[in-house]
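Visitor: Shown below is the structure under consideration.
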Amino acid sequence: DLRRRMDFSLRGAFAQGTRAIRTHLDSIPPQDAISWPLFSEMRAEWAGRIDLQAASLAGCDTVLDPAFSTLADRVAAHRGTLGLFTFPMPDMTARLRHFFQLAADRGLHTDFHADETMDPGVNTMAQIAEAALATGFTGRIVAGHCCSLSTMPEAEALRTLDLCAKAGIGIVSLPMCNLYLQDRHSGRT
């Protein structure tokens, strides 16, 4: 079923002129053992037509589990990007530092689903930037969504953006999905 769905999506994207796609693969066991090998096969089949990239998608609550190290190995074996979905946790600093160490040890770039909420008190973006700076991480860092930046006090948002710039974090906004998912209100969105 996964191969069929991937192929359908790629054929549709190619017909519309798409030449590059980054996707996020659900990577909680046992799905990671299914999705990553298939992704590698599909990337080879579509080489020369669509440049395919994949980032793992797992929650920050799993990063200290031994299975996450196995996932990092799998991502490296399939030439992917180590990804993480962040949400507030009391030991987030330790989790992020461990995450960056796993990525650095394997020569991986990183990709975050960060702060996909309208809660102004959620700011894992600042924690990601601080952890990247503290660990000296030199790989690429991308963060998507980052919705809470739009709701927090301006001074905090600007401080966070300064930290992200200092850490070299690229931010990808996703207005189509996030205006709908996080901010749909009659007469306003």
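The values are calculated or read from the model by the stated rules, or taken from the named source; none is laboratory data. None of these values were measured; they are calculated from a predicted model. Positions of Cβ are generated from backbone atoms using ideal geometry, with glycine treated the same way; all protein chains shown enter the neighbour counts. Protein only, heavy atoms only, side chains kept; ligands, DNA and RNA dropped before computing areas. Shrake-Rupley method; radii C 1.70, N 1.55, O 1.52, S 1.80 Å.
Visitor: Which residues, counting only those in the stretch 42-63, are more than 30 Å from Pro90 (Cβ to Cβ), of a type outside the set (Gly, Ala, Ser) and not in a strand (DSSP E or B)? Before the answer, list the steps.
Guide: First pass over the stretch 42-63, keeping only residues more than 30 Å from Pro90 (Cβ to Cβ): 42-54.
With of a type outside the set (Gly, Ala, Ser) added as a condition, the list becomes 42-43, 45-46, 49-53.
Across the stretch 42-63, the qualifying residues are Met42, Arg43, Glu45, Trp46, Arg49, Ile50.
Visitor: Could you grab me the full set of residues in the stretch 147-167 that are farther than 26 Å from Gly107 by Cβ and hydrophobic (A, V, I, L, M, F, W, C)?
Guide: Cys147, Leu149, Met152, Ala155, Ala157, Leu158, Leu161
Visitor: Give all pairs with beta carbons closer than 7 Å in which a residue from the stretch 9-21 that is more than 10 Å from Leu52 (Cα to Cα) meets a residue that is open to solvent by less than 70 Å² (accessible area, probe 1.4 Å); count only pairs at least 6 apart in sequence or on separate chains.
Guide: Ala13/Ile21; Ala13/Ile50; Phe14/Ile50; Thr18/Ile50
Visitor: If I filter the stretch 68-81 down to residues being of a type in the set (Gly, Ala, Ser) and buried (at least 16 other Cβ atoms within 10 Å of the Cβ), which single residue comes out as nearest to Pro29 (Cα to Cα)?
Guide: Ala72
Visitor: Among Ala104, Ala114, which is crowded, with 18+ Cβ neighbours inside 10 Å and among the aliphatic types (A, V, I, L, M)?
Guide: Selected residue: Ala114, the only one of Ala104, Ala114 that is crowded, with 18+ Cβ neighbours inside 10 Å and among the aliphatic types (A, V, I, L, M).
Visitor: Scan (1) at pLDDT 95 or above; (2) more than 18 Å from the chain's Cα centre (by Cα) for the single condition Leu161 breaks and write down its number.
Guide: Just one mismatch for Leu161, condition (2).
Visitor: Which residue pairs have Cβ atoms closer than 9 Å, lie 6 or more positions apart in sequence or on different chains, and pair a first residue in the stretch 41-57 that is closer than 10 Å to Thr81 by Cβ and open to solvent by 10 Å² or more (accessible area, probe 1.4 Å) with a second residue that is hydroxyl-bearing (Ser, Thr, Tyr) and part of a strand (DSSP E or B)?
Guide: Gln53/Thr23; Gln53/Thr81
Visitor: Given the conditions (1) at pLDDT 95 or above; (2) among the β-branched types (Val, Ile, Thr); (3) closer than 25 Å to Ala94 by Cα, and given that Ile28 satisfies all but one, which numbered condition is not satisfied?
Guide: (1)
Visitor: Looking only at the stretch 17-36, how many residues end up being assigned to a loop (DSSP other than H, G, I, E, B) and either over 17 Å from His78 (Cα atoms) or not polar (S, T, N, Q) (or both)? Spell out the reasoning first.
Guide: The initial filter retains those residues of the stretch 17-36 that are assigned to a loop (DSSP other than H, G, I, E, B), namely 17-19, 27-30.
Retained after the next criterion (residues that are either over 17 Å from His78 (Cα atoms) or not polar (S, T, N, Q) (or both)): 17-19, 28-30.
Residues that pass the stated criteria total 6.
Visitor: Continuing with the same structure: Kindly indicate which of Phe14, Phe8, Phe39 is touching a His at 6+ places or on another chain (Cβ under 9 Å) and either part of a strand (DSSP E or B) or at pLDDT 95 or above (or both).
Guide: Within the list Phe14, Phe8, Phe39, the selection yields Phe39.
Visitor: Which one is farthest from Gln127 (Cα to Cα) among residues in the stretch 138-189 that are in a strand (DSSP E or B) and out of contact with any helix residue (DSSP H, G or I) (no Cβ under 7 Å at 6 or more places or on another chain)?
Guide: Val172
Visitor: Which residue out of Thr160, Thr151, Thr138 is of a type in the set (Val, Ile, Thr), exposed (fewer than 14 other Cβ atoms within 10 Å of the Cβ), without any contact (Cβ under 8 Å) to a residue 40 or more places away in the chain and out of contact with any Ser or Thr (no Cβ under 8 Å at 6 or more places or on another chain)? Walk me through it before giving the result.
Guide: Numbers: Thr160 fails: exposed (fewer than 14 other Cβ atoms within 10 Å of the Cβ); Thr151 fails: exposed (fewer than 14 other Cβ atoms within 10 Å of the Cβ).
Exactly one of Thr160, Thr151, Thr138 is of a type in the set (Val, Ile, Thr), exposed (fewer than 14 other Cβ atoms within 10 Å of the Cβ), without any contact (Cβ under 8 Å) to a residue 40 or more places away in the chain and out of contact with any Ser or Thr (no Cβ under 8 Å at 6 or more places or on another chain), namely Thr138.
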